[in-house]
Amino acid sequence: MITRDEIREISEIYSPEGCALTFYYQPALPLDKSHRHEAILVKDLVRSALAESEKHGRNDCARQDLERILGMADQFQGNSRQAKAIFACYHRGIWREYDLPPMLTRTQLVVNSRFHLKPLAPLLEAKPRVLVAAIDRTKARIFELADEKIVEKQDFFTGLPRKGKSDGFAGYDGGHAERRELNDAMAHFKTVADFLLAYTQRSGIERVAIGCRDEIWSEIKPNLHKYTLDRLVGHFRVDAKVVLPAEVKEKVDYLLAEDDGRKKLDLLREVIGEAGRNGRGALGLRRVLRSLEMGEVQTLLLEDKFAAPGVQCTNCNHIDINMSHSCGVCGNPTIAIEDVADPLLARAMAAGIDLHYLPANGELDRVGRIAALLRFRADQNTSMKLAV
Ligand SMILES: [Zn+2]
C-alpha cells in the first residue's frame, strides 16, 4: 500500500521536460478469466507511448522506463490479484513501485511533467471491516473482511461452534452449553446472533453483513441484537453450505458499494444545500480551491471525470485556474499543471481532509464535479450561525 506521506512526496516531484511516467495496473474482475488480455493491454499502452516518442519526439526521456514496464508486462498475466502503481522518472533516478488493493478504475499509462495521482483517490477512502455470516437452518459460517481480504473465522453446525480452527475467534467458547441439546433452527439462529454480537463488540468491527436464502431472512433477523442491526450493511442471497469465500467477498463488496453510494449522495446533497443557503458548502473548483487554501475544508467530494488545467506557484504552491505566469498571491513564477486534481489531492491528504470519490454523478456534474463540506467559513462566524 502507499501512504499519504508517500503520495504527498510524489506529488511534489516536477519534471519540466515532461518525463514523469505514471503507470496504473488494475487486474480484471474475478469473473473475467481472460488474464491474457491484461498483459496485452499493458503492452499496447506501452507500445503506443513508445510510438508517440518516435513520431513526435515526445516521451523520449521516458523511453527507458517504458521499456522496463514492457519487460514486466507478462507478470500481469493473472498471477496477481493486486493492482499496481509505478511512478518513474529515469533522469531523476526515480522508480517507485507499489502494490495496491484492486480498486483502481482502470489500467493506464501517462507521461507528463507531474505524476498523475487522481486514480489513487478511490484507495484513500477508508473501507470498514465487516463481519459476515453465511447462515442456513443448520449451518453458519463466519467470515471477516478487511483490507480487501476475506478470512473464514468460524463455523457452526446446529448451533454448536466447531473448535480447532486455527484462526478461530480466540477465547470464544460458545458459552451456551445449555443450548447444545437444542438443535432446532431457532436455537441455531440465536446462537449465531449471540456470537455475532460478542465478536463485533470485542473486535470493534464496524459493519455486519448476513448471507442466507431469502426465505429464512425473516427468521434470522428477529434474532439479531440491536447492536448488530445498527451495524448491518445488508443481507445477500447465498447458499451457506457451498459458498466460496471469494463469492462472499464479492457479494459484500456489492452491498458496501451500494451503502457507500447512498452515504455519498446524502453528503453531496448536504453540501449542495449548505452552499445554497450560503453556509458550509463549496461547489465548483474555484470555490473549493479558495476554501482549501483558507483551511476551511472538512470533506472533499471528487467526481471520477473531474480534470482541469491550471497553474501552481513555484514559491508558495498556490494553485490557480487562471493560466497566469505569475502567482496571484506572491507574484512569483508559476508552472502549468495538466490536471489540478493531482496537487489538490496531495494537499487534501497533507491536511488530513476526508476524501470521497464519486463515480459519474449527475448532481456533482452540474456543480463542476468537485465540492466540499466546510468546517467553518472564514468570512462568517459560522459557529454563531450554527448556534442560532
Ligand atoms: Zn505564490
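The values are calculated or read from the model by the stated rules, or taken from the named source; none is laboratory data. These numbers were taken from a predicted model, which means no experiment stands behind them. Cβ atoms come from the backbone with ideal geometry, glycine included; neighbour counts cover every protein chain shown. Ligands, DNA and RNA are stripped out before the accessible areas are found, and what is left, the full protein with its side chains, is counted by its heavy atoms. Shrake-Rupley method; radii C 1.70, N 1.55, O 1.52, S 1.80 Å.
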inquiry  = What's the total number of residues in the stretch 5-29 that are outside any loop (DSSP other than H, G, I, E, B) and either open to solvent by 30 Å² or more (accessible area, probe 1.4 Å) or not hydrophobic (A, V, I, L, M, F, W, C) (or both)?
reply    = 9
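Every residue, every condition in (1) hydrophobic (A, V, I, L, M, F, W, C); (2) closer than 16 Å to L283 by Cα; (3) loosely packed, with under 13 Cβ neighbours inside 10 Å, yes or no:
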| residue | (1), (2), (3) |
| --- | --- |
| E293 | no, yes, no |
| E303 | no, yes, no |
| A308 | yes, yes, no |
| C313 | yes, no, no |
| G331 | no, no, yes |
query = Just one of the numbered conditions (1) assigned to a helix (DSSP H, G or I); (2) open to solvent by less than 40 Å² (accessible area, probe 1.4 Å) is not true of A246; which one?
reply = (2)
ask   = Does I335 fit the bill of being touching a helix residue (DSSP H, G or I) at 6+ places or on another chain (Cβ under 7 Å) and within 16 Å of the ligand (Cβ to nearest atom)?
value = no
task = Residue by residue through the stretch 333-354, note down the ones that are crowded, with 18+ Cβ neighbours inside 10 Å and outside any loop (DSSP other than H, G, I, E, B).
result = T334, I337, A341, D342, P343, L344, L345, A346, R347, A348, M349
inquiry  = Please list, ordered by residue number, the strands (runs of 3 or more DSSP E) wholly in the stretch 71-126 having 2 or more residues that are open to solvent by 20 Å² or more (accessible area, probe 1.4 Å).
reply    = 94-100, 108-112
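Please tell me if L104 is touching a residue at least 12 places away in the same chain (Cβ under 8 Å) and touching a Pro at 6+ places or on another chain (Cβ under 6 Å).
The answer is yes for L104.
Please work out if V288 is open to solvent by less than 40 Å² (accessible area, probe 1.4 Å), farther than 30 Å from C327 by Cβ, within 24 Å of the chain's Cα centre (by Cα) and not basic (K, R).
Numbers: open to solvent by less than 40 Å² (accessible area, probe 1.4 Å): yes; farther than 30 Å from C327 by Cβ: no; within 24 Å of the chain's Cα centre (by Cα): yes; not basic (K, R): yes.
Here the answer is no, as V288 does not meet what is asked.
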remark   = Counted residues in the stretch 203-246 being more than 19 Å from F156 (Cα to Cα), modelled with pLDDT under 95 and of a type in the set (D, E, K, R) come to 3
task = For the stretch 315-332, enumerate the residues that are within 17 Å of V288 (Cα to Cα) and more than 6 Å from the ligand (Cβ to nearest atom).
result = N317, I319, D320, I321, N322, G328
request  = State which residue is farthest from V311 (Cα to Cα) when the search covers only the stretch 333-376 and only residues that are basic (K, R) and either modelled with pLDDT of 90 or more or touching a Ser or Thr at 6+ places or on another chain (Cβ under 7 Å) (or both).
outcome  = R375
request  = Could you tell me whether the stretch 355-365 includes any residue that is within 11 Å of the ligand (Cβ to nearest atom), in a loop (DSSP other than H, G, I, E, B) and in the same structural domain as E270 (by TED's automatic domain parsing)?
outcome  = no
